[in-house]
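Presented below is the structure to which this report refers.
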Amino acid sequence: AVEISKNGIWDWNLKSNEVFLSDRWKEMLGYEVDELKHELNTWQELLHPEDKIEALKLLNQYLNNEMEEFESVHRLRHKEGHYIWVLDRGMVVDWDETGAPVRMIGTHTDVSDDVRNQQAIIHQTKHDILTGLANRSALLDELYALKVQQQDDFAALFVIDLDNFKMINDALG
């Protein structure tokens, strides 16, 4: 079932910091079976710099029982240098006699296509399809953000009202 799901599996021994990374986990990132070290630092080094603080914060919150489950969407560096988006889920499966976590297991799912689709939808809702310029909604959001900041920034708005623009655009592109 795990192999069919196309998820990468990880298994972390918190005492030794040794992490088992499944072949599929490595494959998603373009690595061969023996190319990555089996330690927590491997995952941390592959995290995108912009996602690292948040991913580690979520992991620590989970380990400190501040969250019911560990779940994070972040980017990991592929062997070829680009980043892929992963949905990282995990849970503690073993505790020591004091109740401290000893072992945690989880999965990585490649969600790059989902994130790209989401970003495209957001872009389409905020930009004019024809010109690619910010639409009225995006412009109002930006003007509101400037007002809320109440800094000494200045803004100007220049409006051009073209009569029969649709007819001209349909005829000439």
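The values are calculated or read from the model by the stated rules, or taken from the named source; none is laboratory data. Not measured: the values here are computed from a predicted model. A quick note on method: Cβ atoms are made from the backbone with ideal geometry, for glycine too, and the neighbour counts reach across all protein chains shown. The accessibility values were calculated without ligands, DNA or RNA, using every heavy atom of the protein model including side chains. Shrake-Rupley method; radii C 1.70, N 1.55, O 1.52, S 1.80 Å.
Some points to look at:
- Test for Arg103: is it assigned to a strand (DSSP E or B) and open to solvent by 90 Å² or more (accessible area, probe 1.4 Å): yes
- First in region 116-127 and more than 16 Å from Leu140 (Cα to Cα) and at pLDDT 85 or above, second anywhere and part of a helix (DSSP H, G or I) and among the charged types (D, E, K, R), Cβ under 7 Å, 6 or more apart: none
- Within region 94-115, the residues that satisfy the criterion of being out of contact with any Asp or Glu (no Cβ under 9 Å at 6 or more places or on another chain) and closer than 24 Å to Asn65 by Cβ are Asp94, Trp95, Asp96, Glu97, Thr98, Gly99, Ala100.
- Of the helices (runs of 4 or more DSSP H) entirely within region 20-93, those holding at least 2 residues that are modelled with pLDDT under 95, under 16 Å from Ile9 (Cα atoms) and touching a Gly at 6+ places or on another chain (Cβ under 9 Å) occupy 23-28.
- Just one of the listed residues (Lys6, Lys37, Lys15) is loosely packed, with under 14 Cβ neighbours inside 10 Å, in contact (Cβ under 8 Å) with a residue 60 or more places away in the chain and farther than 16 Å from Arg89 by Cα, namely Lys15.
- All conditions but one from (1) in contact with a helix residue (DSSP H, G or I) (Cβ under 9 Å, 6 or more places away or on another chain); (2) within 30 Å of Ile9 (Cβ to Cβ) apply to Ala134; the one that does not is (2).
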